[in-house]
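Chemist: Supplied in structure tokens, the structure appears directly below.
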Amino acid sequence: MKRDIIPRSETNLENAESTLEILLKMSTAFIEKSKSTSTRKSYQSDWSHFVDWCTRYELPYMPTTNETYALYLSSMVLDGLKASTIQRRMSSIAQAHYAKNFDTPSTKLIKEVWSGIKKEIGTYQEGKQPILIETLLEMLKLAPANMKGSRDKALLLIGFVGAFRRSELVNLDVSDFRLSKQGYTVRIKYSKTDQEGKGEFVAIPYGQSQDTCPVLAIQNWLNVSSIESGPVFRAINKIGHLSEKRLSDKSVALIVKRYVEAVGLDPAMYAGHSLRKGFATTAAMRGSSERSIKEQTRHKSDAMLRRYIVNATLFMENAANDLGL
């Protein structure tokens, strides 16, 4: 006996197409989430720069050619860009080609061009200066006795003690804080080295002085602002009204620069990263082990941590100190 063939109704086909469309949108969204917001913005900005440059000279950009790519790399050297910036743009161009299923334009010729560029301009990165504990204490004294000052003091202290990246700071919610006898345990939901959101925990111990205790500073900020849930660090307008929205990562850098300038230092030499770098450097100068510093900063490799603290330890256990000169 033959089986009856059940016809697929138009309704079933429409439902299937609708489901596939939803799944396609979800897949696209998941691909977007695979990169952090800041990384995606950097890729988009770098790719736009490359497209604009190619369009100006009527050269192909997708896919690009060896000749075009080599000319573009040379143009960035002519513009005086650092090796780190050029390398980031190369990564963005490669990602754009990969997304469109084109071969990554990293041929033997391009590798030779890039090698020559590095030898020509060097790859040394000066980076921003660390905010050491002495500077931090001066900055805290200048926090005004109002809501904005309370927020800034809490942000500076917890940013330093927790060695937070600025993106981690602004993404903290009240629910991420757990208080114990030792202090706060703070959960970081996402970070640069934890894109999958497994979560990391940072200890914020009580300080030795009430004026500089990070735990008390956070508690004071939450009390003054009446924040009970949602983002911990929020914008405050010129007339003192508290926003529902969290601060941007750029706002952290601006706050740091404002206080750095107030204590007489060049704000161009400091950024939001200076708090995290300052913790690692200060801890190393005071004799903390690399293991304990790494545990707080959450660096994945010793090499990356040492890039933070190398200048701080140049004169520690240095053989030149014992030459008798």
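The values are calculated or read from the model by the stated rules, or taken from the named source; none is laboratory data. Small disclaimer: the values here were computed from a predicted structure and weren't measured. Positions of Cβ are generated from backbone atoms using ideal geometry, with glycine treated the same way; all protein chains shown enter the neighbour counts.
Chemist: Exactly one of these conditions fails for residue 181: (1) in a loop (DSSP other than H, G, I, E, B); (2) free of Cβ contacts under 8 Å to residues at least 24 places away in the same chain; (3) within 23 Å of residue 259 (Cα to Cα). Give me its number.
Modeler: (3)
Chemist: Please find, within segment 144-154, the residue that is farthest from residue 261 (Cα to Cα) out of those that are in contact (Cβ under 8 Å) with a residue 24 or more places away in the chain and hydrophobic (A, V, I, L, M, F, W, C). Reasoning before the result, please.
Modeler: Narrowing segment 144-154 to residues in contact (Cβ under 8 Å) with a residue 24 or more places away in the chain: 146-148, 150-154.
From what is left, the residues that are hydrophobic (A, V, I, L, M, F, W, C) are 147, 154.
Values: 147: 21, 154: 19 Å.
Here the residue is 147.
Chemist: Looking at (1) surrounded by fewer than 13 Cβ atoms within 10 Å (Cβ to Cβ); (2) free of Cβ contacts under 8 Å to residues at least 12 places away in the same chain, which is the one condition that is false for residue 84?
Modeler: (2)
Chemist: Just give me the residues in segment 143-168 being among the small types (Gly, Ala, Ser) and more than 30 Å from residue 288 (Cα to Cα), in sequence order. Full working, then the answer.
Modeler: First, the residues of segment 143-168 that are among the small types (Gly, Ala, Ser): 143, 145, 149-150, 154, 159, 162-163, 167.
The answer is 145, 149.
Chemist: Test residue 173 against the criterion of being exposed (fewer than 13 other Cβ atoms within 10 Å of the Cβ) and at pLDDT 90 or above, and give yes or no. Break it down into steps so the answer makes sense when it comes.
Modeler: Numbers: exposed (fewer than 13 other Cβ atoms within 10 Å of the Cβ): no; at pLDDT 90 or above: yes.
Considered against the rule, which asks whether it is exposed (fewer than 13 other Cβ atoms within 10 Å of the Cβ) and at pLDDT 90 or above, residue 173 comes out as no.
Chemist: Within segment 214-229, how many residues turn out to be of a type outside the set (Asp, Glu) and not in a helix (DSSP H, G or I)? Spell out the reasoning first.
Modeler: Quick first cut of segment 214-229, residues of a type outside the set (Asp, Glu) only: 214-227, 229.
Imposing the further condition that a residue be not in a helix (DSSP H, G or I) reduces the set to 226-227, 229.
Number of matching residues: 3.
Chemist: Which number in (1) on the phi < 0 side of the Ramachandran plot; (2) touching a strand residue (DSSP E or B) at 6+ places or on another chain (Cβ under 9 Å); (3) modelled with pLDDT of 90 or more marks the one condition that residue 226 misses?
Modeler: So residue 226 meets the others, but not (1).
Chemist: Tell me yes or no: at least one residue of segment 137-152 is in a loop (DSSP other than H, G, I, E, B) and under 26 Å from the mean Cα position of the chain (by Cα). Walk me through how you get there before you give the answer.
Modeler: The first filter runs over segment 137-152 and keeps only residues in a loop (DSSP other than H, G, I, E, B), leaving 142-146.
Subsequent filtering for residues that are under 26 Å from the mean Cα position of the chain (by Cα) retains 143.
Within segment 137-152, one or more residues are in a loop (DSSP other than H, G, I, E, B) and under 26 Å from the mean Cα position of the chain (by Cα).
Chemist: Further question on the same structure: From the set of residues in segment 230-253 that are surrounded by 15 or more Cβ atoms within 10 Å (Cβ to Cβ) and in a helix (DSSP H, G or I), which is nearest to the chain's Cα centre (by Cα)? Before the answer, list the steps.
Modeler: Applying the first criterion (surrounded by 15 or more Cβ atoms within 10 Å (Cβ to Cβ)) to segment 230-253 yields 231-236, 242, 246-247, 249, 251-253.
Then keep just the ones that are in a helix (DSSP H, G or I); that gives 249, 251-253.
Numbers: 249: 8, 251: 13, 252: 11, 253: 11 Å.
Across segment 230-253, the extreme among qualifying residues is 249.
Chemist: Could you list, in sequence order, all residues of segment 266-294 that are at pLDDT below 85, on the phi < 0 side of the Ramachandran plot and loosely packed, with under 14 Cβ neighbours inside 10 Å?
Modeler: 286, 289, listed by residue number.
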